[in-house]
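Heads up: the structure comes next, in structure tokens.
The values are calculated or read from the model by the stated rules, or taken from the named source; none is laboratory data. Worth saying up front: this structure is predicted, and the values here are computed from it rather than measured. All Cβ positions, glycine included, derive from the backbone under ideal geometry; neighbour counts span all protein chains shown.
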Amino acid sequence: MEENRADSFLRLIQRSQRGRLRIYLGYCAGVGKTYQMLLEAKRLLAQAVDVVVGIVETHGRKETEALLENLDIISRKTLTYRGIQITEMDIDAIIKRHPAVVMVDELAHTNVPGSRNAKRYQDVEEILAAGIHVVSTLNIQHLESLYETVEHATGVKVKERLPDRMVIQADQLVNVDIATDDLLQRMKEGKVYMAGKTESALSNFFRQENLEQLRELTLREVVAQIDSKRSNPLQDEPSLSPDQVMVCLSSKSENSAALLRYASRIAGRLNRNWYAVYVQSLSESPEKIDAGIQRRLSNTLALAQQLGATVFIYKGNDFVSTVLQFAREYRVGNIVVGNSGKQVPLWHRLIGRRSITERLIQESLGITIIVPDIRSQENPQQKKRVYDYLSGIRINQQGKQAAPDDREATILQADVLVWNEVLEKDVAIRQLLEKLCTRNSSIPFDYAGRAILEREKQGATFIGEEIAIPHARLEGIESSVLAIGVSKLGIYDPGSSNTATIMFLMFSPVSRPDSHVKLLGMLSRMAGDSQWRTTMLQAGSEEDVMHVLRYWVAEQKKK
């Protein structure tokens with residue numbers, strides 16, 4: 001007990017040497033977070049506090065820009081990325097200046113590649129470690145643990161996210177709230193976005209139902225954080241009853257990230273430690289396990305640490321007994337386990353076999369087993385559209401098709417790869433290039449590879465809706481060639497954190513620049529077809545992919 005109190009006091013001492021963090025939290029852009037942050041800067045300045053502006057994004061809002069007057073603004077540093085000059089916050093200048101307080105806008109911002117830290121919240125952690133207090137802003141949708149919740153509520157996949165620990169460790173969390181009707185009125189008056197963006201925002205993310213959902217999430221988060229901070233930090237020694245949280249991980253699950261975020265929310269609400277436990281069976285040794293599964297597991301364990309879990313890896317063939325033994329040793333009162341949706345066959349049940357979840361419930365004795373259904377859910381209407389689309393493919397194969405033009409012929413003659421693993425962008429490009437060059441022996445692999453790399457340096461080929469189109473023009477070929485790769489688990493670029501599920505690798509003759517542009521246009525139209533994308537991701541083989549491509553080309557001829 002005394003040792004625990006000593007540890008608690010040591011943590012307080014260490015924390016007192018760091019700067020304090022105050023976050024203005026809002027449910028959406030335009031609620032007034034930056035405005036309130038700058039008002040606080042003005043109040044501190046009036047009280048003779050040494051305050052500076054590290055970085056502020058006014059987005060052209062005149063009222064916000066007016067508040068910057070008379071404030072000491074640290075100049076931004078300029079970085080060159082792919083030939084473009086981009087400015088970012090200068091951490092070194094802030095630490096050298098060492099003010100009492102620094103204002104840092106948009107905590108979840110992603111820094112330009114080449115910066116010292118990938119994310120702005122990491123910059124803030126450095127500033128806090130230097131003993132400088134920070135006031136920052138954040139929208140609720142950027143919390144890592146809310147990723148699936150926000151996607152289900154709004155239909156938007158938020159790419160810029162930060163770990164919940166930034167909010168949990170904040171010394172003060174201030175809710176900046178405004179009625180959704182008032183926010184929509186501000187939008188219509190042009191007080192949130194520059195001219196030209198308002199209409200698009202109102203018809204997409206800024207819908208009334210989306211804003212109401214995000215506002216509710218924000219209020220809940222603030223209440224939860226206030227509740228968790230009521231406890232005395234010196235009284236954090238273990239209680240006698242099991243109350244910690246653990247989540248069980250599997251190498252084969254595609255929903256581990258969602259499961260981790262769910263467990264993170266539970267642990268946050270209970271204000272308890274939590275553990276991520278992966279039980280490795282003997283058949284999952286590094287020599288035997290698939291490289292794609294290894295990579296996915298590594299990403300899962302990294303996410304668990306980012307969300308604040310303590311990660312444990314055990315070996316054993318009896319998953320249930322290993323998990324329950326861990327639970328008893330670490331005083332776990334809540335076990336979160338995924339729902340695969342698979343049923344134990346009847347003849348297995350007749351001989352007494354049970355699913356892992358059933359065994360956990362039967363053998364846990366006093367431990368709460370939580371089984372959230374975090375499997376991907378498809379809209380029934382979407383399923384019907386996909387079914388109709390596939391039916392059309394089958395019917396269409398029976399009819400005659402008109403002769404395709406050059407672009408259509410390129411698509412119909414494409415080389416295809418279907419991956420059941422996570423791949424890095426460069427690996428996906430290399431495998432598609434190998435496939436394409438094997439069939440088109442007139443294209444030298446090294447020459448084509450260099451051309452793609454040069455084009456990639458000029459600008460990203462990741463476009464909206466998780467599509468990538470690396471392309472280049474080559475000397476010595478007479479017509480365009482194409483290879484297509486599909487990965488349900490994702491293709492990602494470590495450098496930019498972009499992801500894709502479908503990749504087109506395209507080459508066209510240098511002598512025919514018009515054909516290059518026209519084929520890119522057709523691929524972009526194809527990528528913009530939501531039914532086509534959904535059907536492509538349901539394809540189980542290269543033949544299925546070709547059926548989908550043939551059907552799409554045939555449908556274009558009818559238009």
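Some observations on this one:
- Looking only at region 129-154, and only at residues there that are hydrophobic (A, V, I, L, M, F, W, C) and surrounded by 19 or more Cβ atoms within 10 Å (Cβ to Cβ), the one that is nearest to Gln208 (Cα to Cα): Val150
- Sole residue being surrounded by 15 or more Cβ atoms within 10 Å (Cβ to Cβ) and either among the hydrophobic types (A, V, I, L, M, F, W, C) or closer than 18 Å to Gln431 by Cα (or both), chosen from Leu453, Leu523: Leu523
- Beta carbons closer than 7 Å, at least 6 apart along the sequence or on distinct chains, pair a first residue in region 19-45 that is surrounded by fewer than 22 Cβ atoms within 10 Å (Cβ to Cβ) with a second that is among the aromatic types (Phe, Trp, Tyr) for Gln36/Tyr24.
Here is a yes/no grid of residues against (1) surrounded by fewer than 19 Cβ atoms within 10 Å (Cβ to Cβ); (2) more than 26 Å from Cys28 (Cβ to Cβ); (3) of a type outside the set (S, T, N, Q); (4) outside the structural domain of Lys159 (by TED's automatic domain parsing):
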site: Gln85; (1), (2), (3), (4): yes, yes, no, no
site: Arg97; (1), (2), (3), (4): yes, yes, yes, no
site: Val104; (1), (2), (3), (4): no, no, yes, no
site: Lys119; (1), (2), (3), (4): no, no, yes, no
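- Test: residue in region 475-494 that is part of a helix (DSSP H, G or I), touching a Leu at 6+ places or on another chain (Cβ under 8 Å) and not polar (S, T, N, Q): no
- Of the residues making up region 188-218, those that are modelled with pLDDT of 80 or more and surrounded by 15 or more Cβ atoms within 10 Å (Cβ to Cβ) are Asn210, Leu211, Gln213, Leu214, Arg215, Leu217, Thr218.
- Residue list for region 525-543, filter: part of a helix (DSSP H, G or I) and either at pLDDT below 85 or not charged (D, E, K, R) (or both): Arg525, Met526, Ala527, Ser530, Gln531, Trp532, Arg533, Thr534, Thr535, Met536, Leu537, Gln538
- The residues in region 61-78 that are of a type in the set (D, E, K, R) and in a helix (DSSP H, G or I) can be counted, and the count is 3.
- Among (1) modelled with pLDDT under 90; (2) within 29 Å of the chain's Cα centre (by Cα); (3) part of a helix (DSSP H, G or I) - the single one Arg15 does not satisfy: (2)
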